[in-house]
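FYI, it's all coordinate maths here, none of it is from the lab. Remember, it's a predicted structure, so these values are computed and weren't measured experimentally. Positions of Cβ are generated from backbone atoms using ideal geometry, with glycine treated the same way; all protein chains shown enter the neighbour counts.
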Amino acid sequence: MDDGIRGPGAADPATLRALAAGRSTARSLSAELLTHLPDLGDLPTQRALDTWVEQAADTLAALSEALEERLLDLGAVPGPTDQVGRTGVQRP
């Protein structure tokens with residue numbers, strides 16, 4: 001009985017595309033989020049917001065890294081110029 005587990009290089013191309021798109025999007029959003037730091041005027045509130053934004057950006061960066069590791073586990077090498085809508089993966 002097939003349990004859905006595939007070996008390296010045998011991953012479904014749609015899965016690879018979804019992982020690559022997710023990786024690229026998470027990385028872009030992480031960088032973009034850091035550009036949105038409004039000045040609130042109230043120091044304690046500003047510190048709380050800055051901390052929250054930095055944690056969110058770090059979480060998105062970690063997600064991107066986790067997706068990249070999964071791509072590598074599946075035998076795909078992420079391309080240097082991933083874009084949403086492109087596969088972003090090359091098979092060895």
request  = Give the peptides 64-72, 50-58, 16-24 in descending order of average Cβ contacts within 10 Å, highest first.
outcome  = 16-24, 64-72, 50-58
query = What is the distance, in nm, between label points placed 7 Å from the Cα along the Cα-to-Cβ direction at GLN55 and at ASP42?
reply = 1.8 nm
inquiry  = Below 8 Å between Cα atoms, with a sequence gap of 6+, how large is the relative contact order for region 13-75 in percent?
reply    = 54 percent
